[in-house]
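Below: the structure, in structure tokens.
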Amino acid sequence: MTAIELKTRVYQQIAHLNEAQLKKLYQLLEQEFHAEASSPEKPKKRPLGLLKDKIWMTDDWDSDEVNEEIARLFNDGPVFPDEN
């Protein structure tokens, strides 16, 4: 449904309402949308240490040898590596 179709449908539904009914409808909508807008969901706090002992790295993950290899591949490697 397009925005124009939706607007037309809404207008057709409320066209017969008198002013008092429109005010009441407006108040209900204002309450509903104001409640949703004023109380956004707060992100849940994550406890510290949640992943302790679940993530591990090998002993050589930050070794000079590995760092040199990464630097060599980054600086001297091809811009677009072969897609084999």
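FYI, it's all coordinate maths here, none of it is from the lab. Just so you know, these numbers come straight off a predicted model, no measurement behind them. Here Cβ is always computed from backbone atoms with ideal geometry, including for glycine, and neighbour counts include all displayed protein chains.
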**OP:** Work from the charge dipole of the chain (Cβ charges, +1 for Lys and Arg, -1 for Asp and Glu, about the Cα centre) and give the residue of 31, 18, 70 farthest towards its positive end.
**Re:** 18
Subject >> Given charges at beta-carbon only (K, R positive; D, E negative), |dipole| of the chain in Debye >> reply: 1360 debye
**OP:** For every helix of n ≥ 4 consecutive DSSP H residues, a contribution of -39,500 (n - 2.57) applies; sum these over the chain, divide by its total residues, and give [θ] at 222 nm rounded to the nearest 500 deg cm²/dmol.
**Re:** -17500 deg cm²/dmol
**OP:** Over the Cα atoms of the chain, compute the convex hull volume and normalise it per residue, giving Å³.
**Re:** 306 Å³
